[in-house]
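Please treat every number below as a calculation from the coordinates, not as lab data. This structure is a prediction, so every number in the text was calculated from the model and none was measured. So basically every Cβ, Gly included, is an ideal-geometry build from the backbone, and we count neighbours across all protein chains shown.
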Amino acid sequence: MQSLSTLPLSLRHAPFRARVITFLGCCCIVFPIMIFCLFEFSDVEIITSCAIPVAVASWIFRPRIAYICAVAVLVASALLLSLYLHTFLWPFRLWEGFLFGVLVIIIELGCFALLHHFLELSAAAKQQSLQAEQQLNIAYEHQQQLEILRDQFLMSVSHELRTPLTEVKGYINLLLEYGNKIDDETRAAFMQSASYGCDELELIISNVLGSSRIGQEIKPLSMQELPLLSTITEICEHIYLEEHTLRLAIPADLIILADRQQLRQVLRNLISNACKYSPAQTLIEISALVEDDSEPMVRICLQDAGPGIAADEIPLLFHKFSRLKRDMMGSVRGTGLGLYISKQFVEGMGGRIWVESAGVAGQGSCFCFTLKRLLPVTSIKKDA
């Protein structure tokens, strides 16, 4: 029953060839009946049956083709009636009835044309409604994902903040309670540990604040000439390396153009990650070399001895809130913002950042980024 009820609608959207066959089939049924009734029973009123194929044509075709089909049916009906009368000179009442029938068919065509128009409007409205519903569902799913991401972010940040804050508070409480009972060396160690905890808090807060500028182009605050070796050495002196050894392999004559504070945060993020993921007592090496590009650039690389990164996860590293699958259930803390912020800062200073890793445990990962290099004055004079 459902297929029969949807048949008229399906005919409207059937292929053109199928619709033509349907119309011709209707004519092949109606016209033989008209011929039989007209010549066998002299029933002239049977000519009004020509409205049936006209109605079919009006339903399954667009108005222009429906008009052509209506004219063809009327001409065929007129010829059939003339054949029955053996003359084209019809009686007046027959002319009057035929013209009235033509008027009715014209009205019929107009009604079907309006029906077509309203059906198309209804279909368009239904399509727009479906599209709006799909967009609403997509927006709802996106909102749900954002809420899940927000909850995960808040949990991660709260955990990240709690750990160094507990460390700082613990050492300060020890100093307050036993300050007069411990020696100077122990007191200095406690103060240094508390200072490292404050540095970690500062790094987390800087990353969170920096991530709030999503969708905005982060410009360097103050670009200046910096001697690379002395700048990195000074920055690294204030970074807590835990139980790792840091080695610098940087030529002394390299001068870069960068923002000092942003470079400091990039290095702190990279070194902090290297310390988190590398086993204790392993080496972290920072090296630099000149790139042979059209524009003078310096490549700075940080090599660790961690577990490495799988190739399929490398493209996700520098996305906001992105963390590796192994870290989601692991003990290594993180907000997923450090590499994202580092990418923004490096690109803001005119460079690029990437990672090279075979994904093999023990071989570690090498995070590299480039910065603009300033040529020495003597080199510029030689080129001139």
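Please list, ordered by chain and number, the residues whose modelled amide H lies under 5 Å from the amide H of Asp259; skip anything fewer than 5 residues away on the same chain.
Distant-sequence amide H within range of Asp259: Gln224.
Restricting attention to the range 56-138, which chymotrypsin sites (Phe, Trp or Tyr not before Pro) occupy a DSSP loop and are surrounded by at most 12 other Cβ atoms within 10 Å?
Working: sites: Trp59, Phe61, Tyr67, Tyr84, Phe88, Phe92, Trp95, Phe98, Phe100, Phe112, Phe118; in loops: Phe61, Phe88.
Within the range 56-138, the qualifying chymotrypsin sites (Phe, Trp or Tyr not before Pro) (loop, at most 12 other Cβ atoms within 10 Å) are Phe88.
What number, in nm² with one decimal, is the all-direction average of the projected area of the convex hull of the alpha-carbon atoms of the range 224-373? Could you put the intermediate results ahead of the total?
Details: hull surface 34.3 nm².
The Cα convex hull of the range 224-373, projected and averaged over all directions, gives 8.6 nm².
Could you pull out which residues in the range 343-376 have an amide N less than 16 Å from a spot 7 Å beyond the Cα of Leu316, following the Cα-Cβ vector?
Only 359 pass the distance filter.
Over the residues of the range 2-136, compute the C-alpha Rg and express it relative to 2.2 N^0.38 Å. All intermediate terms of the calculation are to be shown ahead of the outcome.
On the way: Rg = 18.6 Å, N = 135, 2.2 N^0.38 = 14.2 Å.
So the Cα radius of gyration is 1.31 times the expected 2.2 N^0.38 Å.
Straight distance only, please: which aspartates and glutamates reach the Cα of Lys169 with their own Cα at less than 16 Å, same-chain residues fewer than 8 apart left out?
Result set, ordered by chain and number: Glu160, Glu177, Asp199, Glu200, Glu202.
Within the range 237-254, which residues have the backbone N less than 20 Å from the label spot 7 Å out from Ser287 along Cα→beta-carbon, could you tell me?
Inside the label zone: 245-254.
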